[in-house]
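One structure is given here, and the rest of the page talks about it.
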Amino acid sequence: MAALLEVKSLCTSFFTDAGEVRAVDRVSFTLEPGKLMGLVGESGSGKTATVLSIMRLLPESGRVTGGEILFAGRDLLKVSEPEMRTIRGAKIAMIFQEPMTSLNPVFTIGSQVGEAIRLHQRTSRRETRDRVIEALRMVGIADPERRIGDYPHQLSGGMRQRVMIAMALSCNPQVLIADEPTTALDVTIQAQILELIRELQERLKLAVILVTHDLGIVNEYADDVTILYAARVMEQASVKELFRNPMNPYTKGLLESIPGIDGKPRRRLQAIPGAIPSALRPPPGCRFHPRCPIAIPQCAEADPPLLEKVLNHYVACIRV
């Protein structure tokens, strides 16, 4: 199946007083229609910078310095800002991490969800209201006719996140980016939100990028997975293949640090030693080699390319 979204050798940097911070370094992946891809890594690995680059929503200090982002064959880095506004929200939508800071506290949820509909669909006031009610009902908010007049502070965290999902899906996008959509929610609500995203993905045939640091979530909900570390892709494969046959030492370390993800009892969880390196001064060669249990001197010299080791399973490691 042809890819709907292709990210090719994407490079994104933040320019600070201390110097250039390379937040995304030659990241590549593809997303097919109807598939859910997990984008996984520790905090600081470049997950959010990658998806903000796709949406062209980087802060003023950030800039895409190389690569391509192809959506339905068009390079999003080459379209004008007015053209990008017609794509952002209508074709590619995003659910942000923290719904309380993403929703404006002085506007009702009905007006905020309706704004995107009016902008992209050019609907009348009555049509907008009907579409907002339909969107809120679709994400499981009870009594949406009354709730459209509520303000964000009147809703629980889980309901605010449902409003964010309704807002993202209100214009029937083809791609949905969910940037850690269960942050700050309790475990029960997390499961409800993730089930809702999967249900809507299957019903609406959405292509979804799920940004997370939790491989347990990826194992449960994703079709494919891309593992990031220190701004670079370490491993890519289908979820079944990755959990059956992890190859990169970093991926193995992530899996071994999760209790019971493979159903096997363990006496002691294995932690990855050290910390993610500074983005200002990353180590030479493989970024993971200072923490890697199988590193050899050549790992500090060679910059490992992402190569297909077995069919559709890509790994960046000279030891594999």
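Descriptive notes on the structure:
- Computed about the Cα centre, the dipole magnitude for the chain is approximately 140 debye when only Lys and Arg (+1) and Asp and Glu (-1) carry charge, each at its Cβ.
- Longest site-free stretch - the chain; sites: GluC sites (Glu not before Pro), DSSP loop, at most 16 other Cβ within 10 Å: 61-300
- Computed over protein heavy atoms with a 1.4 Å probe, the carbon and sulfur contribution to the accessible area of segment 54-205 reaches 50%.
- For the chain, leaving out every one of the trypsin sites (Lys or Arg not before Pro) that falls in a DSSP loop and has at most 12 other Cβ atoms within 10 Å, the longest unbroken run is 123-204.
- More than 30 Å apart - percent of Cα-Cα pairs taken over the chain: 37
- Between the helical axis of 187-204 and the longest alpha-carbon principal axis of the chain there is an angle of about 80 degrees.
- In segment 183-283, the inverse of the mean reciprocal separation of distinct Cα atoms equals 15.5 Å; this is its Kirkwood hydrodynamic radius.
- Surface/4 of the Cα convex hull for segment 15-61, nm²: 4.2
- 3J(HN,Hα) couplings calculated from phi for segment 162-171 with the Karplus curve 6.51 cos²θ - 1.76 cosθ + 1.60 (θ = phi - 60°) are, in sequence order, 5, 4, 4, 5, 4, 4, 5, 9, 5, 10 Hz; Gly and Pro show x.
- Accessible surface of segment 213-297, 1.4 Å probe: 53 percent of it comes from carbon and sulfur atoms.
- Å² per residue, accessible surface of segment 44-151 at 1.4 Å: 52
The values are calculated or read from the model by the stated rules, or taken from the named source; none is laboratory data. Predicted, not measured: the structure shown is a model, and the values here were computed from it. Every residue, glycine as well, gets a Cβ built from its backbone with ideal geometry; the counts of neighbours run over all protein chains shown. Heavy atoms of the whole protein, side chains included, go into the accessibility calculation; ligands, DNA and RNA do not. Shrake-Rupley method; radii C 1.70, N 1.55, O 1.52, S 1.80 Å.
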